[in-house]
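Have a look at the structure below, then the notes.
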Amino acid sequence: MGVTVNGVEHVRDVEPRLLLVHLLRDELRLTGTHWGCDTSNCGACIVWMDGLPVKSCTVLAVMADGRSVRTVEDLEGPFGLDQVQQSFMDCHGLQCGFCTPGMLMTARKLLDDNPDPTDTEIRQAISGQICRCTGYRNIVAAIRHAADAEAVGRGDT
Amino acid sequence: MQVPAFFEYQRATSVEHVVTLLERFGPEARIVAGGHSLIPMMKLRLAQPELLVDVNDLHELSGISVSEGELRIGALTRHAELLASPVAGEHFPILHDAERVIADPVVRNRGTIGGSVCQADPSEDLSGVFTSLRAVAVVRGTGGDRTVPMREFFHGPYETAVRPAEILVELRVPLRPGAGSAYVKVDRRAGDWAVAAAGAVVSLDADGVVTEVGIGLTAVGDADFTAVEAEDLLRGRVADDDAFAAAGAAAAEHCRPTADQRGPVDYKRHLAGELTVRALRAATARAHRGGFPE
Ligand SMILES: Cc1cc2nc3c(=O)[nH]c(=O)nc-3n(C[C@H](O)[C@H](O)[C@H](O)COP(=O)(O)OP(=O)(O)OC[C@H]3O[C@@H](n4cnc5c(N)ncnc54)[C@H](O)[C@@H]3O)c2cc1C
Ligand code: FES
Ligand code: FES
């Protein structure tokens, strides 16, 4: 199979039963994507496939054959951290960091689609994800902060 | 770590290709669409297919359109696409009511309409939605297409009218100008499966009398996801609170819930009645008396 991950094409010979999360972590050594509940409930394993967030513990690696995958490692750009990463740091949006890669990937997608979400929309966007330490308030605040910072960057405000 | 048993994998290139593969490999072959029911079952080894036929490249299976007086929803349409579809919401708000409370946004990016109804889990929200809408399933096998009314589609938990060498192609919902529709669900937390849920579709004449009604129930043990007794009671009556209460009582009486970690039987029976009332009330509020003056 061949899959483009963060813009780089990888060709691997894999068993059909290998899950995408394990291809990313164990074969490609991209351990930024976390592996938690294994039952599509916690969202630690969220990556983008063909531009949409998916839970990679419930996608077979072979199902990504010919598709493009984006993981948390791709958020940082040539000019530093992505705004959502920076805002999670600034707003204390993480403690242990276990849920953070998944939170960042859905946050990035939300703001790409909807640059000025309401708090309710933010809460809905992360409703399939579980954080066991920070509490959701700071995560929501971090995403709000990122939206505001990007609006300033665009000159919207 | 949960690992599925060994299986082979093929990416289908056409619907005909799917049918050929299913025919050749027999009942040990399974279609995989979003995989959000099948892969968890394979990880738990509750399902051990020998061949998975991946239909995700078959774009002819996705999409939502209105044609020949029907809303047509391709089997591979994702939950998120149905939720975002203006044409679906305009004709049948029940579809958006339900999609808003099915799983979470990330699961909805992947899970499909066809996978949901073919899974036929007793708690599947769309089952009760499509029975209340009197939708029709289009199923394709080697002999061509055949249609199955959704009210005859479910043959018991995890069993449907789709035969081993067949594929569900699309769902068709007959348009009902002026009808109102709604779906209400009680769950324990955001994104969870229903404790109980009810859907209603109501058509009214100019005097507010119910001319046709569909009531679907989810997670309360009705094998066909339909509250026929409640429907019979309502047809021909003025759509008011007394009529809704009678329909709710009939729905509660005739459902067959089982106790599980989501609640005891009497609680679920109570919900079946109360949610039927609320769905009917909401659907009626959205209906136009006498249909649209078209
Ligand atoms: C965390 C989580 C929460 C969920 N919460 C809810 C909820 O609240 N309410 C709810 O209703 N659902 C819920 N679901 C279920 C979800 O809606 C369905 O699992 C999912 O949409 C099934 O679709 P799929 O495309 O993933 O099916 P798959 O897993 O790919 O397939 C399911 C079954 O259908 C068969 N199949 C698929 N497509 C076809 C076809 N075109 N023709 C014939 N057979 C086919 C497969 O062979 C398989 O047997 C939840 C799922 C998860 C993971
Ligand atoms: S590990 Fe995939 S959702 Fe928890
Ligand atoms: S920061 Fe620890 S789980 Fe969210």
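The values are calculated or read from the model by the stated rules, or taken from the named source; none is laboratory data. All values reported here derive from a predicted model rather than from experimental measurement. With ideal geometry, Cβ positions are generated from the backbone for all residues, glycine too; neighbour counts draw on all protein chains shown. These area figures cover heavy atoms from the full protein model, side chains too; ligands, DNA and RNA do not enter into them. Shrake-Rupley method; radii C 1.70, N 1.55, O 1.52, S 1.80 Å.
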Give the angle, between 0 and 90 degrees and rounded to the nearest 10, that separates the Cα long axis of helix B:241-254 from the longest principal axis of the Cα atoms of chain B.
40
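Mind checking Rg over Rh on the range B:8-54, alpha carbons, Kirkwood formula for Rh? Please list the in-between numbers first.
Numbers: Rg = 10.4 Å, Rh = 10.8 Å.
Ratio value, two decimals: 0.97.
Within 10 Å of each Cβ of A:49-57, how many other protein chain Cβ atoms are there on average?
Values: counts 2, 2, 1, 7, 5, 7, 7, 0, 5.
The shielding value for this peptide is 4.
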Once you place label points 7 Å from the Cα toward the Cβ at B:Gln48 and A:Glu9, how far apart are they in nm?
3.9
Amide H of A:Asp82 versus every other amide H placed in the peptide plane: which residues, excluding those fewer than 5 positions away on the same chain, fall under 5 Å?
A:Glu76, A:Gly77
Over all alpha-carbon pairs of the range A:2-74, lay out the pair-distance distribution in 10 Å bins, whole %, shortest bin first.
22, 63, 15
Where only alpha carbons of the protein assembly as shown are counted, the Rg and the Dmax (Å)
22.9, 69
Name the residues whose placed amide hydrogens come within less than 5 Å of the amide hydrogen of B:Asp54, ignoring near sequence neighbours (fewer than 5 apart) on the same chain.
B:Gln10, B:Arg11, B:Ala12, B:Val32
Please determine, in degrees from 0 to 90 and to the nearest 10, the orientation of helix B:15-25 with respect to the longest principal axis defined by the Cα atoms of chain B, where the helix direction is its Cα long axis.
60
At 222 nm, what helix-only mean residue ellipticity would chain B give, in deg cm²/dmol to the nearest 500, using -39500 (n - 2.57) for each DSSP H run of four or more?
-9500 deg cm²/dmol
Working only with C-alpha atoms, what are the Rg and Dmax values of the range B:63-174, expressed in angstrom?
13.0, 38
What size of dipole, in debye to the nearest 20, comes out for the protein assembly as shown about its Cα centre when the only charges are +1 on Lys and Arg C-beta atoms and -1 on Asp and Glu C-beta atoms?
700
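With every protein chain kept in place and ligands, DNA and RNA left out, what is the accessible area per residue of the protein assembly as shown? Probe 1.4 Å, answer in Å². Write down the numbers at each step before the final one.
On the way: 18870 Å² over 451 residues.
About 42 Å² of surface per residue is accessible.
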Provide the per-residue ³J(HN,Hα) series for the range B:215-223, in order, calculated from phi with Karplus coefficients 6.51, -1.76, 1.60 and θ = phi - 60°, each as a whole number of Hz, with x at glycine and proline positions.
10, x, 10, 10, 6, 10, x, 7, 4
May I ask you to evaluate 6.51 cos²θ - 1.76 cosθ + 1.60, the Karplus curve with θ = phi - 60°, for each residue of the range B:127-143 and list the ³J(HN,Hα) values in order in whole Hz, giving x for glycine and proline?
4, x, 5, 6, 6, 5, 7, 6, 6, 10, 9, 9, 10, 10, x, 4, x
Quick one: among B:Ser37, B:Ser123, B:Ser62, which has the greatest mean-square fluctuation in a GNM of chain B with alpha-carbon springs under 10 angstrom?
B:Ser37
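To the nearest whole number, what is the average tally of beta carbon atoms from other chains within 10 Å of the beta carbons of peptide B:34-44? It would help to have the intermediate numbers written out before the result.
Numbers: counts 4, 6, 5, 2, 1, 9, 6, 0, 2, 7, 1.
For this peptide, the per-residue mean of nearby foreign Cβ atoms is 4.
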Rank B:Leu22, B:Ala33, B:Ala12 by how far each Cα sits towards the positive end of the charge dipole of the range B:8-54 (+1 on Lys, Arg Cβ; -1 on Asp, Glu Cβ) and give me just the farthest.
B:Ala33
Along principal axes, Cα extents of the range A:83-154, largest first, whole Å:
33, 22, 17
For helix B:265-286, report the angle its Cα long axis makes with the longest principal axis of the Cα atoms of chain B; keep it between 0 and 90° and round to the nearest 10°.
70
Computed over chain A, the convex hull of the Cα set has an average projected area, in nm², of 9.0
Relative to the compact-globule scaling 2.2 N^0.38 Å, provide the ratio for the alpha-carbon radius of gyration of the range B:180-286.
1.02
Which one of B:Ala197, B:Ala283, B:Val186 has its Cα pushed farthest toward the positive end of the charge dipole of chain B, where Lys and Arg give +1 and Asp and Glu give -1 at the Cβ?
B:Val186
Using a cut-off of 13 Å between beta-carbons, work out the net charge of the residues near B:Glu8 (Lys and Arg +1, Asp and Glu -1, B:Glu8 not included).
0
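Can you tell me the relative contact order of the range A:58-157? Whole percent, Cα pairs under 8 Å, sequence separation 6 or more.
Details: 85 pairs, mean separation 34.3, N = 100.
Normalised by residue count, the contact order of the range A:58-157 is 34 percent.
Mind checking the dipole of the range A:83-154: about its Cα centre, +1 per Lys or Arg Cβ, -1 per Asp or Glu Cβ, Debye to the nearest 20?
Working: 7 positive and 8 negative charges, 55 e Å.
Roughly 260 debye for the range A:83-154.
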Could you point to the residue in A:Thr71, A:Leu20, A:Val54 farthest towards the positive end of the range A:2-74's charge dipole, with +1 and -1 charges on the Cβ of Lys/Arg and Asp/Glu respectively?
A:Val54
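In debye, nearest 20, what is the charge dipole magnitude of the range B:98-167 about its Cα centre with +1 on Lys and Arg Cβ and -1 on Asp and Glu Cβ, if you could check?
Details: 8 positive and 9 negative charges, 40 e Å.
With Lys and Arg at +1 and Asp and Glu at -1, about 200 debye.
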Which far-off residues, 5 or more places away or on another chain, put their amide H under 5 Å from the one on A:Gly36, with H placed in the peptide plane?
A:Ala44, A:Cys45
With no solvent and one point on each alpha carbon, what is the Debye value of log10 I(q)/I(0) for chain B at q = 0.08 Å⁻¹?
-0.34
Result for interface chain B to chain A, accessible surface buried in total, 1.4 Å probe, Å² to 100, stands at 2300
